[in-house]
Structures are given as C-alpha cells and as structure tokens.
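Below is one structure, written out as structure tokens; comments come after it.
The values are calculated or read from the model by the stated rules, or taken from the named source; none is laboratory data. Note that the coordinates shown come from a computational prediction; the quantities given were computed from them, not determined experimentally. Heads up, the Cβs are rebuilt from the backbone with ideal geometry, glycines too, and the neighbour counts pull from every protein chain shown. Ligands, DNA and RNA are stripped out before the accessible areas are found, and what is left, the full protein with its side chains, is counted by its heavy atoms. Shrake-Rupley method; radii C 1.70, N 1.55, O 1.52, S 1.80 Å.
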Amino acid sequence: MLEKTGIPTSDDLKAIKPDKERLKKGPVALIECFRKIPCDPCFYSCPFDAIDEFKDINDIPNLDYETCTGCGNCIASCPGLAIFVVDYNKNTLSLPYEFLPVPEKGDLVWGLNRAGKKVKKAEVVRVKDPAKNDKTAVVTIKLPKEYLMEVRNIEVGELNG
Amino acid sequence: MINTDILVIGGGPAGMTAAIKASESGAQVIIIERYHELGGQLIKQTHRFFGSKKEQAGIRGISIAQELTEKIENHSNIRVMTEATAEGYYEDEVVTISHENKFKKIKAKKVIIATGASENMLAFENNDLPGVYGAGAVQTLMNLYGILPGEKVIMVGAGNIGLIVSYQLLQAGVDVEAVIEAAPKIGGYLVHASKIRRAGVPIYTSHSIKKAIGENSVQGAEVVELNDNWEMKVGTEKVIEADIICLAVGLNPLSDLLIQAECEVVYTPELGGDVPIRDENLKTTKDHIFVAGDVAGIEEATAAMLEGEIAGLKAVSEIGYSNENIFEELNRLKTELNKLRSGPVGKVIKNGIEKVRRGNYVGKNRYSHLR
Ligand SMILES: Cc1cc2nc3c(=O)[nH]c(=O)nc-3n(C[C@H](O)[C@H](O)[C@H](O)COP(=O)(O)OP(=O)(O)OC[C@H]3O[C@@H](n4cnc5c(N)ncnc54)[C@H](O)[C@@H]3O)c2cc1C
Ligand code: SF4
Ligand code: SF4
C-alpha cells in the first residue's frame, strides 16, 4: 500500500495511464501524484494548458492526455519529482534527476523501479541542462517498451566505471 | 532604549513577510534574528518547495530566503539586526535583546512574534550517544557548512521533514539505511516518500526504535515492530547498522516569549504544542502582540508567509498607517490561507485554529499559575 511503503500500487497507477491509442501518438506526461496535497506548480508550468487549473490547491492534478504534447516542461517544476514523460514511439522515458554526477548523453545507467531495484540497463539519449531548470536535470533514457511503465529512477556511475 | 513602530522577532519566512508588509505603509520596522542571517528554516532547504506557486512553491527554499532578504534590504525603513536574540518581554512592553555582546532594549508600538519552532526529542535507550542527531542539526551541518554527518543513517520519522532530510542525505552521498515510522501510515506527502523509495530507501511503518547500539558512538539501532496498539511486538527486534540516528519526530512552537508576555497560550495537539489564542488577524490576547508562522502552529512556509503578511498589515493599520485597500487585501490573504487549508492536512490545522480562536477557547490557561 502506498501509504505504508511509498510504492504506488497497480490500482494507484491505473488512474494515470493514457490509453494505447494515445500512447501510439507520441510522448505524453504521466503524473504520479496520487494524494491531495496543497501544491500546484505543475499547473503553472504547462505551456499548453494540458493540466487543468486547480479549483482547490489541494486537488489531484488532472492531465488531459489529448492536449499534452509530451514537451516535458512540467517535469522539473514538480517539487514531488512525480512527473515523467514516456514516448512509446521512440521507446524513451524522461525523468527528473537531482544527484551528482549528472549523466551524459551516451552513458549507460541502471534503470531502477519504484522500489529502487535495478531492473534494466539503459542508455542516456538526452540530458537537459540542470542550470536551465534551477539544478534539476531532466534525463531521457532509452528502454524496451515493457520497462517504460516500470523504470522510475536511474543509478549513474557503476556501469561507466 | 531603541524606539520603533513595529518590532518583528524572528527572521524566518513569517517574520520577513511581516516586516515587508508593515514597512510598505511607511512604518519604521525593526526585525531581529538570532542567527547571523535572515531566512529561518528556509536557508537549510535545498529542495524545491511544495505549496502554492503564488507563494513561491516550486522554487528552492534557499532561493525564497534570498528573494525575501533582498526585498528587505531594499526597504530603507526596515532595520535588520542579526545575531540579535530576544531574551525577555517586560510588562511595559519592552523587549530586551542581546546583540553584538550588548544588552539592549527595544520598545515598539506593536510586536510581531515569529520565532518558529524547536525540534522534539524522542526517549529511547542510549539516546545520548554521539551520533544521535536532530534532523535540523543534520541539515545545518550538511547544507550550511558542507559537513557530512556520517556514512549511514537511520531516519526516525516519516513526516515531511524525515522524508525530505533523507532525500538531502542521499544527495550528499550518505546511505539512508531505513526510515522508521511508528504510525501505521507515512505522515509526510507521498510524493516525497515515493522519491526516496525509488532511490532504494525502505520505509518501515509501524516500527519504532528500541535502543541505540554502540560504546562510544552510534554503531546501529535496534528497531522493533509495533502492533495496532502501538506496543512493541516481542521477537520482532532487528539490528540495523548505522553511524547516525537522525530524529525527525516533530516540531514544537517556540512560544516562550509569548508566555512571558502573558499572552494566553493553549496546548493544541493539532498545532504541535503550546500556541497563542488569537483572532483571525493573528492578534493574541494582548493588544500589543501579533504572531505569525510556526510559533502560531506548526505548518508550512506558504502559510507562514501569508500569516506574516496578515499580521504585518493589521499591526501597522492599528497604529495609523492605514492604506485604503487594507480590508480587501486582508480578505484576499485570508481567502488564500483558507484555500490552502482546505485539504486533509489543512483540515486538522483548521480544527486546531478554531479551538484557539479568540472567544472560542473555554479551558484553563495552563500557564496562569506562573503569574
Ligand atoms: C526539513 C524541512 C523541510 C521543509 N519543507 C517545506 C516545504 O517544502 N514547503 C513548505 O512550505 N514548508 C516546508 N517546511 C516548513 C517551513 O520551513 C516552516 O514552516 C517555515 O520555515 C516556518 O516559518 P517561520 O518564519 O514561522 O519559522 P522559522 O523559519 O523557524 O523562523 C524562525 C526564526 O526565528 C528565529 N528566532 C527564534 N527565536 C528567536 C529569538 N528569541 N530572538 C531572535 N530570533 C529568534 C530563529 O532563529 C529563526 O530564524 C520545511 C521545514 C523543514 C524543517
Ligand atoms: S509534458 Fe508538456 S504539455 Fe504535457 S503536461 Fe507537461 S508541460 Fe504540459
Ligand atoms: S507539482 Fe507535483 S507534487 Fe505538486 S501537485 Fe503537481 S504533480 Fe503533485
């Protein structure tokens, strides 16, 4: 249970999954923020108004998958580091990363699941400069499709010596 | 004797916004802070703040502190005194402070107390071993002085502070072996919990620390599972190795000055401890004294800043520095605060505040015997 372990359950995750048709169309954001908290920066970060305006700041963010372009602007705005972008065409996952060293394009990293277990090696295909996002890097890695919904963190270092 | 219109005690987010708001109407403001710089808790917060975007959420705590400090420096009618500690509050509304090794007296027309909170301690065997730290001390070492507290940490408490400080420890390269939480559920925001969980940190709810292990310093801790009645389950003890035990078991409003000033103070668990009875403008039972921020109830920076603005605005209006929009502005701030507190966490806080609203409280002031 999420409240006991910090790991979202498959029931929690059902709430955020865009359908297969949408996934085929290209990159889309997944907001893994499941419980009401007084927080709203994600809404202000989206240049396409894909995240509904919060009627109440405690609302759970509601993303319109059709409007979302997968631009990734929201990723580094979220203080919960709860927003990811998946692209089922390019088989990539973009995630926020606030550790040093920041990986570089071409590096091999471990993909970790929601419990922090190493599940798949992955290649870094893009890194958005942390300086541009108040020190939060946005790292994009390439993964087989079946891992796109599983990997949520990376471990840098070990695989590149 | 130093005379001023407004004296703000405490240079955290609540005190800083109170000073800024009060000074905007032209009043003379003094803000005193016992540390050598302004910012309060914010200067240790390297993470992005959750909260309301309008009140700076999404940016890092340290950046919020810098922004507010710059604003204060740009107001020529705010005098900042750092390394200045308020020591006493006297009947004639004189506040005594120690500043630059001197004992000084300040008399203000209104005083805003924004002293924040102190950390709670936890009772367990060997809790006096070197290596047992409060989360605040760990943050100070790490984030202000760049000193690693140790190599392996056991965090006690899965509230927001325990979760966030765990994350900051990981960023500093320290291993967080486990987060131990006595309650059956994680108390902090689950996005913060998930963040450290996917970095590999296990969170053990319904667990407590039984004792610290080690001869001259911490070498580990014995932790134990708790049953539904929060009793230790015999036979579930296990030892986790670590050289640091970090306690993040709650904060307690620093209301000593208020008690000394004879403001009515009530123990209110929803707000973290002894908090002053106040009206919706944050005025205490003493006409002279306002409060704002964690000292009025443990909450968050967004709330602290809004409260600071309300207290600052109301305090100056009572001494004749009124601006014509004051009612609208006060109403706007109160509406924001209300919206912020409309969620499940905020409801508990609202309940607490209702109890200590001026006019509502019917119990006995537990400090009245001191008079
Ligand atoms: C680890 C951690 C993470 C947090 N994360 C968030 C977050 O993400 N979002 C959020 O909104 N909030 C967060 N908070 C909470 C937030 O920092 C506090 O709610 C906020 O700082 C309270 O502001 P304040 O001004 O009331 O008190 P403080 O920030 O505590 O400031 C009080 C100041 O008063 C000074 N002082 C005390 N006594 C005296 C005296 N006698 N004389 C002179 N000066 C005195 C103190 O030195 C201090 O600087 C976090 C807190 C912690 C500890
Ligand atoms: S990925 Fe871009 S379009 Fe989609 S929600 Fe985030 S910011 Fe908006
Ligand atoms: S910014 Fe992040 S943590 Fe805050 S509401 Fe949006 S998704 Fe949730």
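Distance between the pseudo-spin-label points of A:TYR44 and B:MET121 (7 Å out from Cα toward the beta carbon): 4.1 nm. Each listed q (0.13, 0.24 Å⁻¹) maps to a log10 I(q)/I(0) for region A:104-161, found by the Debye formula over equal Cα scatterers with no solvent: -0.32, -0.98. Name the lysines eligible as straight-distance cross-link partners of A:LYS118: C-alpha to C-alpha under 16 Å, and not fewer than 8 places from it in the same chain. The qualifying lysines are A:LYS142, B:LYS195.
Relative to the Cα centre, the charge distribution of region A:2-160, modelled as +1 at Lys and Arg Cβ and -1 at Asp and Glu Cβ, gives a dipole magnitude of about 600 debye. Qualifying trypsin sites (Lys or Arg not before Pro) in region A:46-140, where qualification requires a DSSP coil assignment and no more than 16 other C-beta atoms within 10 Å, comprise A:LYS55, A:LYS90, A:LYS105, A:LYS117, A:LYS135.
Solvent-accessible area per residue in region B:121-247 equals 41 Å², computed with a 1.4 angstrom probe and all protein chains kept.
In a solvent-free Debye calculation with one equal scatterer on each Cα, what is log10 I(q)/I(0) for region A:2-160 at q = 0.08, 0.13 Å⁻¹, listed in the order of the q values? Summing over Cα pairs of region A:2-160 leads to -0.21, -0.59.
Other protein chain C-beta atoms within 10 Å of residue C-beta, averaged over A:129-135: 1. Would you mind computing the Rg to Rh ratio of the protein assembly as shown from its alpha-carbon coordinates, Kirkwood style for Rh? That ratio is 0.99, to two decimals. Report in % the part of the accessible area of the protein assembly as shown that belongs to carbon and sulfur, leaving out ligands and nucleic acids; probe 1.4 Å. For the protein assembly as shown, the apolar C and S fraction of the accessible surface comes to 48 percent.
Within the same chain, aspartates and glutamates fewer than 8 places from A:LYS132 are excluded, and of the rest, those with a Cα less than 14 Å from its Cα are A:GLU98.
With a 1.4 angstrom probe, the accessible area lost at the B-A interface totals about 3100 Å². Taking one quarter of the surface of the convex hull spanned by the alpha-carbon atoms of region B:1-53 gives a direction-averaged projected area of 4.8 nm². Note on B:TYR145: accessible area approximately 130 square angstrom, rounded to 10, probe 1.4 Å, nucleic acids and ligands left out. Counting only protein chain heavy atoms and rolling a 1.4 Å probe, the accessible areas of A:GLU123, B:GLU215, A:GLU53, B:GLU270 rank, largest first, as B:GLU215, A:GLU53, A:GLU123, B:GLU270. Counting only heavy atoms of the protein chains and using a 1.4 Å probe, B:TYR89 has close to 10 Å² of accessible surface. Annotation for B:LEU144 and B:ASN351: the two label points, set 7 Å from Cα along the Cα-Cβ direction, are 3.5 nm apart. The Rg/Rh ratio for region B:121-247, using Cα coordinates for both the radius of gyration and the Kirkwood hydrodynamic radius, is 0.94.
Once the Cβ-Cβ distance of A:LEU159 and B:GLN66 is raised to the sixth power relative to R0 = 45 Å, the FRET efficiency obtained is 0.75. Taking only the C-alpha atoms of region B:118-185, Rg followed by Dmax gives 11.7, 35 Å. A dipole drawn for region B:121-247 from +1 and -1 charges on Cβ atoms has a positive end, and of B:ALA137, B:ILE161, B:GLY150 the residue lying farthest that way is B:ILE161. When you filter the GluC sites (Glu not before Pro) in region B:57-145 for DSSP loop state and at most 15 other Cβ atoms inside 10 Å of their Cβ, you are left with B:GLU83, B:GLU91, B:GLU100.
Here the 3J(HN,Hα) profile of region B:145-162, calculated from phi with Karplus coefficients 6.51, -1.76 and 1.60 at θ = phi - 60°, is 10, x, 10, 6, x, x, 10, 10, 10, 10, 9, 9, x, 10, x, 4, 5, x Hz, Gly and Pro shown as x.
Quick check: the angle from helix B:326-340's long axis to the longest principal axis of chain B, C-alpha only, nearest 10 degrees? Taking the Cα atoms of chain B, the angle to B:326-340 is about 10 degrees.
Between the listed residues B:GLY352, B:THR236, A:PRO103, the Cα displaced farthest toward the positive end of the dipole of the protein assembly as shown, a dipole computed from Cβ unit charges relative to the Cα centre, is found at A:PRO103. Here the protein assembly as shown is assigned +1 on the Cβ of each Lys and Arg and -1 on the Cβ of each Asp and Glu. Its dipole about the Cα centre then comes out at about 1000 debye. Each residue of region B:112-121 was assigned a 3J(HN,Hα) from its phi angle through the Karplus curve 6.51 cos²θ - 1.76 cosθ + 1.60 (θ = phi - 60°); the sequence is 10, 9, 9, 7, x, 9, 10, 7, 7, 9 Hz, with glycine and proline shown as x. For B:LYS102, no lysines have a Cα closer than 18 Å to its Cα, not counting residues fewer than 8 places off in the same chain. Rounded to 0.05, the FRET efficiency of the B:THR85 and A:ILE60 pair, given R0 = 56 Å and the Cβ-Cβ distance, is 0.80.
Report the percentage of all Cα-Cα pairs in chain B whose separation exceeds 40 Å, rounded to a whole percent. Of all Cα-Cα distances in chain B, 17 percent exceed 40 Å. For the pair A:MET1 and A:LYS17 in one chain, pulling the backbone fully straight at 0.36 nm per residue adds 3.9 nm over the alpha carbon distance.
Computed over region B:253-323, the alpha-carbon pair-distance distribution with 5 angstrom bins reads 3, 19, 27, 26, 16, 7, 2, 0, each value a whole percent.
Only Lys, Arg, Asp and Glu carry charge here, each on its Cβ (+1 for the first two, -1 for the last two); on that basis chain B has a dipole of about 780 debye about its Cα centre. Among B:VAL291, B:GLY308, B:PRO276, whose Cα sits farthest toward the positive end of the charge dipole of region B:268-371 (+1 at Cβ of Lys/Arg, -1 at Cβ of Asp/Glu, about the Cα centre)? Sorting the options by dipole projection puts first B:PRO276. Between B:GLU237 and B:PHE103, the modelled label-to-label distance comes to 5.1 nm, taking each label 7 Å out from Cα in the direction of the beta carbon.
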